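What follows is calculated from the coordinates using simple rules that are stated; it is not laboratory data. Note that the coordinates shown come from a computational prediction; the quantities given were computed from them, not determined experimentally. When we count neighbours, we look across all protein chains shown, and the Cβ atoms used for this are built from the backbone with ideal geometry, even at glycine.
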Ligand SMILES: C[S@@+](CC[C@H](N)C(=O)[O-])C[C@H]1O[C@@H](n2cnc3c(N)ncnc32)[C@H](O)[C@@H]1O
């Protein structure tokens, strides 16, 4: 089976060109996983979710809207979104305790368009196991878990270092009745990644959304 990365490089290169949408719509590859990725990208760009999918998206977006308006204060260890000036790897990871509202934290969630691409990828690839690094308030995890639910199989573990965010994301998943598809694991990635990967082996899909520095991502 050909690797996915040449396809992704082509997609990124084409997206950088003026009309990436047109280029992606004409992309062709052989093999099951790359074909599923292309289908997911095309559907996310041009397709329309079916009625069941729309119902899940609506529920999750209502949850997002509710969380966005929340003034509830959260005292969190701020791991941030992983910008290079804030972070180093492993033990050198900077930790600041800050107070932010739940609404402000929710703005770190993937916006609907990108969350929908994640959803489509999980729908098309039909993984049995999904790993997410960076749960925050649980929005992208909810999209992935809803896709698993619609697939009728599969399980997600999402990793989160800030305890109040781990609690909040578990609550989000629970309130959306997705708790049987997804669990949140509290702890720094350095401590949780190995046990989570072992538990999910063989890993079908991963979303790395916590510590975006290249060296940490590939470590
Ligand atoms: C961008 S947010 C995740 C957003 C979420 N995936 C979504 O779209 O709904 C990144 C999250 O990763 C967590 N995080 C960052 N670095 C971490 C680390 N080294 N260990 C554990 N959690 C970390 C942060 O606390 C934050 O909640």
Proxy reagent accessibility, fewest Cβ within 10 Å first, across 54, 123, 168: 54, 123, 168
Relative exposure of 132, 183, judged by other C-beta atoms within 10 Å (fewest first): 183, 132
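Could you list 212, 180 in order of exposure, starting from the residue whose Cβ has the fewest other Cβ atoms within 10 Å?
Ordered by Cβ neighbours within 10 Å, fewest first: 180, 212.
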Express in whole angstrom the spacing between the alpha-carbon centres of region 142-161 and region 178-197. 12 Å
For residue 203 and residue 75, extending 7 Å from Cα along the Cα-Cβ vector and measuring point to point gives, in nm, a value of 3.4 nm
Would you please classify the overall shape of region 49-219 from the alpha carbon gyration tensor, given that a ≥ b ≥ c denote the square roots of the eigenvalues, rounded means a/c under 1.5, and beyond that prolate means a/b larger than b/c while oblate covers the rest? oblate
Among DSSP beta bridges whose residues both lie in region 49-219, state the antiparallel percentage, nearest 5. 30 percent
Report the extension gain between residue 59 and residue 193 in nm, rounded to one decimal, defined as 0.36 nm multiplied by the number of residues separating them, less their alpha carbon distance. 45.3 nm
How much FRET efficiency would the formula 1/(1 + (r/R0)^6) give for residue 126 and residue 96, where r is the Cβ-Cβ distance and R0 is 45 Å, rounded to 0.05? 0.70
